[in-house]
Each structure stands twice: as structure tokens, then as C-alpha cells.
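Structure, as C-alpha cells:
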Amino acid sequence: MWNWIAESSEPLNVLLNGAMLVVWALYFQLLLNGYRRSRSSKILINRANGHSLDTKCVVTNMSTEAVYIEGIIVETFSKNDEESLTCSLTDRGGSINPYETSEEEDGYQGPLGSGKSVALGSYRKIIEHALRQGEWDISHLHRLTLTVVATYGPEDRPVAAQREYHLVERAGRHVLCSDTVTTRQIRSVSERRKIEQQIQEEVGAESTTGE
């Protein structure tokens, strides 16, 4: 056997070097994934409890660092997505205190520490605010999308998270249903650029209105 090992030393060295290379590549991949996770934001949008419109909308920062919420975009869609309304909740004035439950008039801007949550008010209030942008009533509404836009330390461009709900009528009352159990983290450069432009347009519109 020793003779065979001596004779096969060169092929064995190649195999061992290859195995070590694979191990180091896997180790490097684990380090890279950990680094990416530490730099990536994770913002959750959830219902406080239940499915009714009166339940509170809660935003939680699960990133490793604090985020600064720049604004929240609300998009409402009619049946078959024939019509849509887009507005910002930021124009309602005020600022969030991440250590207390926010009031309905809060404008949803401010810092939110890692692991902290803030209530944005009830979905009913959010929907009513959105529908005031057009001549809609709640029966016209079919789908609702909430997008939280924030600044995150390691990122140069604003980060964003999005949650979609369908408005369904059950037992004579409207309830919120979601096709997903998690919040979609918006990662692509094109989507983030589009959202950044939306926020800039909202700021410009608010400045014009205030003059």
C-alpha cells in the first residue's frame, strides 16, 4: 500500500489541493453571504392581528443597523387594475417615535432602530387617506400596495420593502388578504431608482403645495 501511495503521490496531491480549494471556496462563499446579509436591509410590513381593516399596520426593522424611514407610498387599484391611485402618507405631518405607538396624524418619517417596530395606524385610515386622492369609495378598491422607503447606512441608494393586499368582502365586511406571508424586499437597481424618483416627486409636490 505504501508503494502505491508513493507511486500515486502526484495525483493524490492534485486531488488534495483540489479538495482544499473547494473547502476554501465554500468558506469564502459563507463569509460573502454573511457580509451581504449584514449590509442588506430587511423591513417587514405586517398586520398587528386579524384581517379586518381596523387592524394596525406595523413596520418592523429587522436590519442589523437602524434605518431612516423617508416615506411610505400607497398604491390602490380598481378591479382588473383598470385604474390606480398613488399617494404618500408622509404629507400627513408629524414624525415617528420608534419607541412609542404612533398616532394617526403621524407622517411616518424618522429613524427606526434595529429590531424596533412602529404602528402606522389602521389600514382603514390608510385606505381612506389614499382614496381621498380620487373620486373613489371603498367598494371601488380591489388591491392595495404599501411600499416603505428608507435610508440604510451601508447603501447609497434608498432601500425599500413592499407588501400587497387584496380587499375581499366576507360576511358583509371587507377584510385584507395577502398572497404572501413575507414582505418583498426590493433589491433591483431599476426598481429602487424608480421608487427614489417617486419619493422625489412627492417631496416636490408637497413643497409646491406648501408655498
Going fewest to most other Cβ atoms within 10 Å around each Cβ, Phe28, Phe77 line up as Phe28, Phe77
Karplus ³J(HN,Hα) for segment 121-135 (6.51 cos²θ - 1.76 cosθ + 1.60, θ = phi - 60°; Hz, whole; x = Gly/Pro) runs x, 6, 5, 4, 5, 5, 5, 4, 5, 5, 5, 5, 6, x, 9
Straight-line reach check, Lys116, cutoff 19 Å on alpha carbons, 8 or more apart in-chain or any other chain, hits among lysines -> Lys42, Lys56
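Where does the charge balance sit around Thr182 when Lys and Arg score +1, Asp and Glu -1, over other residues with C-beta under 14 Å from its C-beta? Walk me through the numbers before you get to the answer.
On the way: positive: Lys42, Arg47, Arg163, Arg184, Arg187; negative: Glu164, Asp179.
Charge balance near Thr182 sits at +3.
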Taking the dipole of segment 116-208 about the Cα centre (Lys, Arg +1; Asp, Glu -1; charges at Cβ), the one of Ala150, Leu176, Ser188 that reaches farthest to the positive side is Leu176
For Ser63, the residues 5 or more places away or on another chain with a placed amide H closer than 5 Å to its own amide H are Lys42, Gly115
By Cβ neighbour count within 10 Å, fewest first, Cys177, Cys87 rank Cys177, Cys87
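Taken together, the values in this text are just the output of simple stated rules run on the coordinates, not laboratory data. On a predicted model such as this, the values are computed, not experimentally measured, just so you know. Backbone-built Cβ (ideal geometry, glycine too); neighbour counts: all protein chains shown.
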